[in-house]
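Here is the structure we will look at, set down as structure tokens.
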Amino acid sequence: PPTELGRYRTLSLLAGVRVSPLQLGAMSIGDKWQEFGMGSMDKTYSFKLLETHFDAGGNFIDTANTHDHICSNYCQDESSEAFIGEWVEKRGIR
């Protein structure tokens with residue numbers, strides 16, 4: 001593998017899924033935090049981050065649109081999931 005991220009480990013013996021040893025946290029992916037002064041990552045930079053993670057061997061991304069009900073107006077409004085889905089489709093890896 002190009003880096004240690006490519007040395008996959010079994011996530012669950014029952015599922016048989018093999019993942020990179022570090023996951024990419026997707027909370028910063030998306031463009032909805034900007035108005036709250038918490039930074040922003042537009043689609044171009046989000047795709048660059050995802051490409052870098054994937055090219056280094058990473059295949060494990062942590063995202064959770066269920067947090068939106070907890071923080072109501074202060075969340076990414078699922079923009080991170082939308083960006084990731086678009087990137088996965090464009091990349092043709094799912």
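Among residues other than D55 with Cβ under 12 Å from its Cβ, the summed charge is +1 (Lys and Arg +1, Asp and Glu -1). Pairs of Cα atoms nearer than 8 Å and 6+ residues apart set the relative contact order; for the chain it is 31 percent. When you work out D = kT/(6 pi eta Rh) for the chain at 37 °C and 0.692 mPa s, using the Kirkwood radius from C-alpha pairs as Rh and the Stokes-Einstein form, the result is 231 µm²/s. Close amide H partners of G30, meaning residues 5 or more places away or on another chain with modelled amide H under 5 Å apart, are M41. Of all aspartates and glutamates in the structure, the ones whose alpha carbon falls short of 18 Å from that of K48, not counting any fewer than 8 places away in one chain, are D31, D62, E81, E86, E89. Remark on I61: its backbone amide H falls under 5 Å from those of L24, a criterion applied only to residues 5 or more positions apart or on other chains, H modelled at 1.01 Å from N.
For D42 and Y8, the difference between the fully extended length at 0.36 nm per residue and the C-alpha to C-alpha distance is 9.3 nm.
No lab work stands behind these numbers, since they all come straight from the coordinates. What you see is a predicted model; the values in this text were computed from it and never measured. Cβ: placed from backbone, ideal geometry, glycine included. Neighbour counts: every protein chain shown.
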